[in-house]
Amino acid sequence: MVSSIYAGILALLIVWLSLKVIKLRRSKKVILGDGGETDLHHAIRAQGNATEYIPISLILLVLLELSGITVWLVHLGGIGIIIGRLLHAKGLLNQSLRYRVLGMQFTFFTLITVASINIAYPIYKLFG
């Protein structure tokens, strides 16, 4: 399955973001929460935001693939999610509003597109 490629890549992104949080917690000697440390707070949110958006993205990709749609649409969806999540994480970690907004735009555009195809394609197959 093609969507498993994107699941693997996005899982590695979550691991990388988690390791950044762990590293910052150790260096700042913060056991729980962000300890009032701005950079740790941003790293925690980058990790949290990824875990909020990646699962639904992967569910939609897998369903799209299982519907039998052309594989290049699954690839486009997967690439769009990866770009969006990377840009957003970069924006949070570097405290760059520009990258955060661009990342969310990529993510929302991709989610809306993939969700819409998941709605429209079965209807098309049923009546087309």
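The values are calculated or read from the model by the stated rules, or taken from the named source; none is laboratory data. All of these numbers come straight from a predicted model, not from anything done at the bench. Because the Cβ atoms are built from the backbone with ideal geometry, glycine has one as well, and the counts that use them run over all protein chains shown. SASA here: full protein model, heavy atoms, side chains in, ligands and nucleic acids out. Shrake-Rupley method; radii C 1.70, N 1.55, O 1.52, S 1.80 Å.
Residues of region 29-67 that are open to solvent by 30 Å² or more (accessible area, probe 1.4 Å) and either within 30 Å of Ile119 (Cα to Cα) or touching a Gly at 6+ places or on another chain (Cβ under 6 Å) (or both): Gln47, Thr51, Glu52, Tyr53, Pro55, Ile56, Leu58, Ile59, Val62, Leu63, Glu65, Leu66. Can you find a residue in region 79-94 that is over 23 Å from Asn49 (Cα atoms) and either open to solvent by less than 50 Å² (accessible area, probe 1.4 Å) or touching a strand residue (DSSP E or B) at 6+ places or on another chain (Cβ under 8 Å) (or both)? No, the conditions are met nowhere in region 79-94.
Criterion applied to Val62, Val21 was being in contact with a helix residue (DSSP H, G or I) (Cβ under 8 Å, 6 or more places away or on another chain), more than 26 Å from Val2 (Cβ to Cβ) and at pLDDT 95 or above, and the one residue passing it is Val21. For the residues Ser18, Ser4, the requirement of being open to solvent by less than 80 Å² (accessible area, probe 1.4 Å) and either in contact (Cβ under 8 Å) with a residue 12 or more places away in the chain or in contact with a Pro (Cβ under 7 Å, 6 or more places away or on another chain) (or both) singles out Ser18.
Could you grab me the full set of residues in region 95-112 that are of a type outside the set (Phe, Trp, Tyr) and crowded, with 16+ Cβ neighbours inside 10 Å?
Of everything in region 95-112, those that are of a type outside the set (Phe, Trp, Tyr) and crowded, with 16+ Cβ neighbours inside 10 Å turn out to be Arg100, Leu102, Gly103, Met104, Thr107, Thr110, Leu111.
Return yes when Leu73 is closer than 18 Å to Ile117 by Cβ, crowded, with 17+ Cβ neighbours inside 10 Å, modelled with pLDDT of 95 or more and among the hydrophobic types (A, V, I, L, M, F, W, C) and no when it is not. Taking the combined requirement at face value, the residue satisfies it.
This table checks each residue for (1) within 9 Å of the chain's Cα centre (by Cα); (2) touching a residue at least 40 places away in the same chain (Cβ under 8 Å); (3) more than 22 Å from Ser18 (Cβ to Cβ).
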residue	(1), (2), (3)
Tyr53	yes, yes, no
Gly84	yes, no, no
Leu87	no, no, no
Leu92	no, yes, no
Met104	no, no, no
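Does Gly103 count as over 22 Å from Met1 (Cα atoms) and touching a helix residue (DSSP H, G or I) at 6+ places or on another chain (Cβ under 8 Å)? Criteria met by Gly103.
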